[in-house]
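> Please see the structure below; I have some questions.
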Amino acid sequence: MAFQEIKLYQTGTFVAGNRLLDPAQRTVQARTGRSNTLTSGHRACRGCGEALGARYVLDAAMRVTKGSMVAVNSTGCLEVFTTPYPESSWQLPWLHSLFGNGPAVASGVAAALKAKGREDIRVVAQAGDGGTVDIGFGTLSGMFERNDDVLFVCYDNQGYMNTGVQRSGATPPAARTANTKALGAEPGNVFGQGKFAPLIAMAHEIPYVATATVADLHDLEAKVETAMGMRGARYLHVLVPCPLGWGADSSETIRLARLAKESGIFPVFEAEQGDVTAVSKLRRQVPVTEYLRPQKRYAHLFGDPGRPDIVERLQARADRTIARFGLLSEGDR
Amino acid sequence: MRSQIEGSQAVAQAIARCRPQVIAAYPISPQTHIVESLSDLVRTGDLEGCEYLMVESEFGAMSACIGAAAAGTRTYTATSSQGLLFMAEALFNASGLGLPTVMTVANRAIGAPINIWNDHSDTMAMRDSGWIQLYAESNQEAADLHLQAFRLAEQLELPVMVCMDGFVLTHAFEPVDLPEQADVDAYLPPRVPRQALDPEEPMTIGAMVGPEAFTEVRYLMHAKQAAALDIIPTLASEFEERFGRSSGGLVRPYRLDGAEIVVVALGSILGTIQDVVDTLREEGVPIGVLGIGCFRPWPEEEVRAALASARQVLVVERSFAPGVGGIVSRDVRLSLNGLAAEVFEVAAGLGGRPVTRESLRRLIADVREGRMPANTLHFLDLDTQVVQRELRRPGTGVPPGPHVDHLTRESGR
């Protein structure tokens, strides 16, 4: 999908509505022919970033594959809120097995389809960050190194939200969770821990790795389309704010996702065969405080006296990410 | 075709003739020769239409089988020991979802202490996983059971383990009649899944089920296991009709006519026990053997019928439940409920210790001559000096209580 340049002065915001686009460029969600793969009536929280992300990802993938697709889901919020027996929100063949085996199950499905000569049916697997970067990481790495024909999507809300907001390997430093409370000299999650799975995915030199957020849904759809146009192991890491776990108003989901990107905290980029091929530049760099303040998980940083030293460290991390991925446009440097 | 062949090769050949469509495997001794051989067969094209996944762990292997089986294909894997335990979560999931994978378990002890040799502590630990468990007595039977296992699994939509003793069978060279492809094709038609992941008919598989229906789902799983008790004998007799030899079935009675003492066992140890029984019969001892071919589901009625006239039942098992006693023994007692027979529990051949004719003769004599109390776990050939010295060593923090003393004293006889 080619991008159409939009003049943002037309809206005065960073939101580019579909009405400004040529009909052919509008999102899959804006089309009457969308598949509603994850249909309404599910039980996600109000403002759930994961539900939004999954809906866009799967509908875009369904459009590319013309509905010839199977989804594998690891245990987690997405699985729980979509399939309370005897109901299901899924309008595609959908399989949930366990928490830590989504990638291997998807490999098995792909192998079966190949054995049956039905490689026209594509496989998308999805999990939260716990199911991806922690408990499912062994099977994920196996799926990557074998280059199995699976698009694996991680909806990263930076913690174990389904079990009551505990820390995961994707929880950022200083964030308060149920087991990294704002207690002691180093409140919140510890600095120097955690991992950024997209870089590890790239180390497998798989055909495609990309990151996205639910703030830029055109970009998300375009990346799904790119990924589904390829074969082999592909990885898409989508930042999905969680109002419950982040302690943010449900109306803030999209704005927080955008601020995560615009502050440089979450880099949005694409990589092929292990090399970065494109980055989404910051449109207007914001200090990390703008992203941190609306979230109660960082409230301990902003009290009186607060922890300006920790905020500084978080800013330094964002600056490093900006430099590392080259997120500033020429004129902004 | 009759060949002098290693047990693992025989199983691999039998599996290949079952035309699996997806094999996912991870190496662990003593299962390795099976999956190596299958890898060769896929690479050479002898096994066509099969995808072979070399996964990163046993957990990954079983998970890939779950995905492949849910997509409607015939799936296979093999493992042993620690590998089976590493699969544990996925084993329960496969049976819960009703996915008909067949798995060979080359039985091996569970550590610690780490031990690569044969006993049944791996599969016994997974006896409640919802898988059907069939135990092979010989390499011929191990090969044959896989054909029946695929039929059974796919008919019931339930996973099946074929258990064969690690090294004792997997690495032993014996003459085996390998089933001809045409016969296998006639006996085992392609899998027709009742439900599968299919974009033409989208289905949600693996939904969350709460208290309102969980009991019913579990009940149905139990009912499937019960149905297997009817299907297994039919599959065995159909097998015999086509292949001209007897393999499989629920139980294998041997010289039970007029037997007052019956030895119950599973797996390759049955051969040695039968030899001992033959000799004792010649000496006029009224003794027989009951082999358990199918351990899960437990053939309660068949075992009861076979043991109806026994006075002493000696269960020789290659594993035990620490703190409790024999595992198979408990099920045997269930079958004997209301009958007069006494049950003697013996843990034998743990971690690959050979179970010799000599030891078995001594054991049977102890039972017959009243030197061994019933309903107490005995350890065959236990070095009582070693364990008693350890138990009495000051400072070990394990006070030698009356139970332990009793146990070691009794088994030391």
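> Determine the equivalent ellipsoid of chain A by diagonalising the alpha-carbon gyration tensor, then write out the semi-axes as square roots of 5 times the eigenvalues, largest first, rounded to whole Å. Please report the intermediate quantities before stating the final value.
Numbers: eigenvalues 183, 109, 78 Å².
Ellipsoid half-lengths, sorted descending, are 30, 23, 20 Å.
> Take every residue in peptide B:70-80, count the Cβ atoms of other chains within 10 Å of its Cβ, and give the average of those counts.
So the per-residue partner count for this stretch is 4.
> Leaving out same-chain residues fewer than 8 places away, which lysines sit with a Cα under 21 Å from that of A:K261?
Output for A:K261: A:K7, A:K195, A:K223, A:K281, A:K296.
> Using a 10 Å cut-off around each Cβ of peptide A:81-88, what is the average number of partner chain Cβ atoms that fall inside?
Shielding by partners across A:81-88 averages 5.
> I've got another one for you. Could you work out how far helix B:214-243 tilts from the main Cα principal axis of chain B, as a 0 to 90 degree angle to the nearest 10?
That helix lies at roughly 90 degrees to the long axis.
> What Kirkwood hydrodynamic radius, in Å, does the protein assembly as shown give when the mean of 1/r is taken over all pairs of distinct Cα atoms and then inverted? Walk me through the numbers before you get to the answer.
Values: mean 1/r = 0.0350 Å⁻¹.
With all distinct Cα pairs of the protein assembly as shown included, I get 28.6 Å.
> Now a separate question. Please give the FRET efficiency for A:F191 paired with A:T39, using the beta carbon to beta carbon distance and R0 = 41 Å, rounded to the nearest 0.05.
0.50
> Let me ask something else about it. How large is ³J(HN,Hα) for each residue in the range A:109-122, as worked out from phi by the Karplus curve 6.51 cos²θ - 1.76 cosθ + 1.60 (θ = phi - 60°), to whole Hz, x for Gly and Pro?
Karplus-based 3J(HN,Hα) across the range A:109-122 equals 5, 4, 5, 5, 5, 5, 4, 8, x, 10, 6, 5, 8, 9 Hz.
> Follow-up question, since we're still on this one. Only Cα pairs within less than 10 Å get springs; with that Gaussian network setup on chain B, which residue of B:D183, B:D144, B:D119 has the largest fluctuation?
Result: B:D183 has the largest fluctuation of those listed.
> Another one. Under a point spin-label approximation (7 Å from Cα along Cα-to-Cβ), what is the A:D120-B:E48 distance to one decimal in nm?
Roughly 2.2 nm, to one decimal.
> Here's another thing I want to ask about it. For chain B, set up a Gaussian network in which alpha carbons nearer than 10 Å are linked by springs, and say which option among B:E180, B:E342, B:E157 fluctuates the most.
B:E180
> Calculate how large, on average over all directions, the projected area of the Cα convex hull of the range A:100-240 is; give the answer in nm² to one decimal.
8.8 nm²
> I would also like to ask the following. Calculated from DSSP H runs of 4 or more alone, at -39500 (n - 2.57) each and per residue, what is the 222 nm mean residue ellipticity of chain B, nearest 500? Show your work: numbers first, answer last.
Working: 15 runs with 173 residues, N = 413.
Only helices count here, giving -13000 deg cm²/dmol.
> Tell me which GluC sites (Glu not before Pro) from the range A:32-121 have a DSSP coil assignment and no more than 14 other beta carbons within 10 Å of their own. Present the calculation step by step, with values, prior to reporting the outcome.
On the way: sites: A:E50, A:E79, A:E87, A:E119; in loops: A:E87, A:E119.
Filter output for the range A:32-121: A:E87, A:E119.
> Another one. Given B:A172, B:I232, A:L239, which one lies farthest toward the positive end of the charge dipole of the protein assembly as shown, if we put +1 on the Cβ of every Lys and Arg and -1 on the Cβ of every Asp and Glu?
After comparing all options, I get A:L239.
> OK, next. Highest mean first, what order results for B:361-369, A:201-209 on Cβ atoms within 10 Å?
In descending order of packing, they fall as A:201-209, B:361-369.
> Ordering A:E290, B:E212 by accessible area with a probe of 1.4 Å, largest first, what comes out?
Working: A:E290 70, B:E212 115 Å².
The ranking, largest first, comes out as B:E212, A:E290.
> Restricting attention to the range B:190-269, which chymotrypsin sites (Phe, Trp or Tyr not before Pro) occupy a DSSP loop and are surrounded by at most 10 other Cβ atoms within 10 Å?
Here no chymotrypsin sites (Phe, Trp or Tyr not before Pro) fit, given the DSSP loop and packing criteria.
> Which log10 I(q)/I(0) values, to two decimals, does the range B:251-381 give at q = 0.09, 0.18, 0.19 Å⁻¹ under the Debye formula with one point per Cα?
Those come out to -0.21, -0.93, -1.06, one per q.
> If you don't mind, another one. Determine the order of A:K116, A:K66, A:K223 by accessible area, beginning with the largest, at a probe radius of 1.4 Å.
A:K66, A:K116, A:K223
> Out of residues 5 or more away from B:I205 or on other chains, whose amide H comes under 5 Å of its own, with H placed 1.01 Å from N in the peptide plane?
A:W94, A:L95, A:H96
> Find how many whole Å separate the alpha carbon centroid of the range A:217-259 from the alpha carbon centroid of the range B:222-251.
A separation of 53 Å, based on Cα centres.
> How compact is the range B:36-167 by the rule of thumb for globular proteins, expressed as Cα Rg over 2.2 N^0.38 Å?
Relative to the 2.2 N^0.38 Å estimate, the range B:36-167 comes out at 1.00.
> How much of the pair distance distribution for chain B lies past 33 Å, counting alpha-carbon pairs only, in percent?
Cα-Cα pairs of chain B separated by over 33 Å account for 34 percent.
> Compute for the range A:58-165: radius of gyration divided by Kirkwood radius, i.e. Rg/Rh, restricted to C-alpha atoms, rounded to two decimals.
0.96
> Please compute, for peptide B:49-56, the average count of beta-carbon atoms on other protein chains lying within 10 Å of each residue's beta-carbon.
6
The values are calculated or read from the model by the stated rules, or taken from the named source; none is laboratory data. Bear in mind the structure is a predicted one, so any value in this text is a computation, not a measurement. Neighbour counts run over all protein chains shown; Cβ positions are idealised from the backbone, glycine included. When the accessible area is computed, the model is the full protein with side chains, heavy atoms only, and any ligands, DNA or RNA have been set aside. Shrake-Rupley method; radii C 1.70, N 1.55, O 1.52, S 1.80 Å.
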